[in-house]
Amino acid sequence: DPNCFNLQGDSALLQAARRGHSGVVEMLCQAKAALDTEDMQGKMPLTVAAQCNHLEVLRLLLGARANSNLKDHEGMTPLQWATQHCHLQAMQLLLDGGADKDLANDRRETPLCVAASCGHAAAVRLLVAASASFDLTDEEGHTPLHTAAVNNQPEAARALLEANASPDSPTQNGASPLYFAARRGSLEVAKALVEFGAAKDQTTRMGITPLFVAAYFGRFHVAQFLVQ
């Protein structure tokens, strides 16, 4: 039976995919094993192959028409797992195989948001080349550029800015990426934002500027930069 399971509920295909056994995966696919069986975390064969960067397994599963947009129990897609680990070749295989470049997880984080949060500039560039949206927001109302600022990820921020992400895009409360860089004390992110035209005096709906929030949280170096 190609769909046999162990006591933990894992199928033979899922175990082979997790371990990168491409020959076994190919044999099971030819035997019409179910491609969407889940482990206890809701991860499917394609998910674990993406997470573990097993490229040949990915090719085989995608060739067998595995659905690249199914989510696990964390709401994560195979593309999001590959992005989180900056597995660039796996990301490209998934995109070429039909993965939705903008499909969000349960926290409304798109793959581009995940790349920005982790500071993976190369992953940002790959997703931008695939026309991923700069404007979709997570459950906090943050764009990928806000996320890079919040997490002090200057290389990811610069990659987004170089791809023409808006340096002044506000949240619903009017907070700009520079506001979050100032609050976090992310000096290099603040420098990149200003270099690409961010307004130093943009206020939130409460009238708070980046300089004010830097002063309030004691971010000396950011405050010093903003008054120059």
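The values are calculated or read from the model by the stated rules, or taken from the named source; none is laboratory data. Computed from a predicted structure; not experimentally measured. We place every Cβ from the backbone using ideal geometry, glycine too, and count neighbours over all the protein chains shown.
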Could you identify the single residue in 112, 136 that is closer than 30 Å to residue 66 by Cβ, part of a helix (DSSP H, G or I) and in contact with a Ser or Thr (Cβ under 9 Å, 6 or more places away or on another chain)?
112
Could you please give the count of residues in segment 88-103 that are in a loop (DSSP other than H, G, I, E, B) and either over 17 Å from residue 128 (Cβ atoms) or among the charged types (D, E, K, R) (or both)?
5
When segment 96-138 is examined, which residues are found to be acidic (Asp, Glu) and more than 12 Å from the chain's Cα centre (by Cα)?
96, 100, 106, 135
Would you mind finding the one in 79, 88, 93, 60 that is out of contact with any strand residue (DSSP E or B) (no Cβ under 9 Å at 6 or more places or on another chain), aliphatic (A, V, I, L, M) and farther than 27 Å from residue 153 by Cβ?
60
Would a scan of segment 178-189 turn up a residue that is assigned to a loop (DSSP other than H, G, I, E, B), modelled with pLDDT of 95 or more and over 21 Å from the mean Cα position of the chain (by Cα)?
yes
Report, by residue number, each residue of segment 139-172 that is among the acidic types (Asp, Glu), assigned to a helix (DSSP H, G or I) and under 15 Å from the mean Cα position of the chain (by Cα).
155
Kindly indicate whether residue 200 is of a type outside the set (A, V, I, L, M) and part of a helix (DSSP H, G or I).
no
Taking segment 143-164, which residues are surrounded by 24 or more Cβ atoms within 10 Å (Cβ to Cβ) and farther than 22 Å from residue 223 by Cβ?
143, 144, 147, 156, 159, 160
Please name all residue pairs, on different chains or six or more residues apart, with Cβ atoms under 6 Å, provided the first residue is in segment 201-228 and is among the hydroxyl-bearing types (Ser, Thr, Tyr) and modelled with pLDDT of 95 or more and the second residue is buried (at least 20 other Cβ atoms within 10 Å of the Cβ) and not in a helix (DSSP H, G or I).
204/175
